[in-house]
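First the structure, in the form of structure tokens, and then the observations on it.
The values are calculated or read from the model by the stated rules, or taken from the named source; none is laboratory data. Everything numeric in this text was worked out from a predicted model, so none of it was measured. With ideal geometry, Cβ positions are generated from the backbone for all residues, glycine too; neighbour counts draw on all protein chains shown.
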Amino acid sequence: MQHPGTQQRRTGHQQGQIRVMHLITTLDVGGAEVMLMRLLAALDPQGFSSHVVCMAGPGEIGSRIAASGFPVHYLDIPRGGFSPAGGVKWIRLLRSVRPEILQSWMYHANLLALTAPLVLGRVPVFWNIQTSGRNPLEFKALTRGVIRATCLLSGLPEGVIVNSEKGRVDHLRMGYKDHKFHVIPNGFDLSLYKPVDLRRKKEVRRAFGMEEEAFCVGMFARYHPVKDHRAALKAADMVRKRGYRAHFYFAGQGVDEGNPDLMQYVDALGLNALVHLMGYQREVHVLMAAMDTVISCSHSEGLSNVIGEAMATGIPCVVTDVGDSARVVGDTGKIVKPGDPEALAAALIELIRMPHEKRQALGKSARERIQVRFAIEKIARAYARLYLKAVSGKKGCDKGGP
């Protein structure tokens, strides 16, 4: 999704544009990275020029952002380490671009972003946090230390953007400053994620070797304990044992036949004929359109991109009640407790038994909910208002104002 003429204007600063630098920890495939990519595409290019700086090395999302015409720079700082060369690159980039807004994404980048005013003088810094509900012990020791540091320093940035109300509450409990928070949910591209008719759905299923008439359940998540793929597999086993036939399609990094833990569990449950491990899928929206429902089994989330994408595609979701998932889904899907395969199986059986027309109506309501509340254009305007207010306040201060 691009504004007309965007490609020509992105690579250089134009008169009247606000220079925004986005600093992010990595540009691999992940929720924060995808949200940054969507925001860049949705911000008005006549009002903003954007540069992206990644603390790590090149990644999949970085390549996509660069292909869209945005400058992308890498500091090549090793994960879990420090690089003097990376620090020098960072200082040179700040002095070269001279951003009027610095927007950072994820804890490590949020901490590094606080060095920008030391180099440039007063520049508004906005942090972005995309997590909620995580047990601190799930993070590595260095990340735990970075999180503690950001708690202590959370009064310094201009604002702290969180993508969920649950994230705000969790970080207040951790010690973040209340007056700094702005809850801006993730936004979704309704031109990319959209419903398909029955003919197109069958075409997609044939292309992926799927049964055309089967009830298909999708789970789109990288392999990580917090995503709880085992709960989904247990639920699949329960659905089968209760006499209902459904195929389960799992897509995401590490979710493939090269994963011995997953394969052993699928074998132990005897689900080989009904469970399909599809690995990383670049064109997720294509595979998603072939599904009858999409599930999210996470133990913690901020605001799940996958849930919003599925709803925009017109698919009713079954999600665990974590983060803001229930708030996003509302009455357009099913909400279950995390870590409860029995409840997940019951919700899936309810959808399997539901008449096709009623499932379609749920999916239509889901898309309408995303259109009204979470369209990326609306979310980009919320970011733009923050940036404009901060820049106008900075100019007032530069002129001797309060």
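Scan Ile65, Ile61, Ile101, Ile91 and give me the residue that is assigned by TED's automatic domain parsing to the domain that holds Met35, farther than 25 Å from Val162 by Cβ and at pLDDT 95 or above.
The unique qualifying residue is Ile91.
Go through (1) among the hydrophobic types (A, V, I, L, M, F, W, C); (2) surrounded by fewer than 20 Cβ atoms within 10 Å (Cβ to Cβ); (3) modelled with pLDDT of 95 or more; (4) in contact with a strand residue (DSSP E or B) (Cβ under 8 Å, 6 or more places away or on another chain) one by one and return the number of the condition Leu172 breaks.
(3)
All but one of (1) closer than 28 Å to Ser49 by Cβ; (2) modelled with pLDDT of 95 or more; (3) hydroxyl-bearing (Ser, Thr, Tyr) hold for Ser365; state the number of the condition that does not hold.
Tallying (1) closer than 28 Å to Ser49 by Cβ; (2) modelled with pLDDT of 95 or more; (3) hydroxyl-bearing (Ser, Thr, Tyr), Ser365 fails exactly one: (1).
Within the set of pairs 6+ apart or on separate chains, which have a first residue in the range 80-97 that is within 24 Å of Phe139 (Cα to Cα), a second that is among the basic types (Lys, Arg), and C-beta atoms under 8 Å apart?
These pairs meet every condition: Gly80/Lys140.
So how many residues does the range 371-395 have that are among the basic types (Lys, Arg), farther than 20 Å from Asn163 by Cβ and surrounded by 15 or more Cβ atoms within 10 Å (Cβ to Cβ)?
Number satisfying all stated conditions: 1.
Could you identify the single residue in Glu203, Glu158 that is among the charged types (D, E, K, R) and under 21 Å from Ser392 (Cα atoms)?
The conditions single out Glu158.
I'd like to know if the range 177-191 contains one or more residues that are part of a helix (DSSP H, G or I), out of contact with any Lys or Arg (no Cβ under 6 Å at 6 or more places or on another chain), of a type in the set (Lys, Arg) and not assigned by TED's automatic domain parsing to the domain that holds Leu43.
No, there is no match, as no residue in the range 177-191 is part of a helix (DSSP H, G or I), out of contact with any Lys or Arg (no Cβ under 6 Å at 6 or more places or on another chain), of a type in the set (Lys, Arg) and not assigned by TED's automatic domain parsing to the domain that holds Leu43.
Could you check how many residues of the range 312-338 are under 17 Å from the mean Cα position of the chain (by Cα) and in contact (Cβ under 8 Å) with a residue 24 or more places away in the chain?
12
Anything in the range 105-149 that is of a type in the set (S, T, N, Q) and touching a Lys or Arg at 6+ places or on another chain (Cβ under 9 Å)? List them, or say none.
Answer for the range 105-149, where residues must be of a type in the set (S, T, N, Q) and touching a Lys or Arg at 6+ places or on another chain (Cβ under 9 Å): just Ser132.
Please work out if Val125 is crowded, with 19+ Cβ neighbours inside 10 Å, assigned by TED's automatic domain parsing to the domain that holds Ser365 and at pLDDT 90 or above.
no
Please specify each residue of the range 114-167 satisfying the condition of being in a loop (DSSP other than H, G, I, E, B) and aliphatic (A, V, I, L, M).
Result: Leu114, Val123, Leu153, Leu156.
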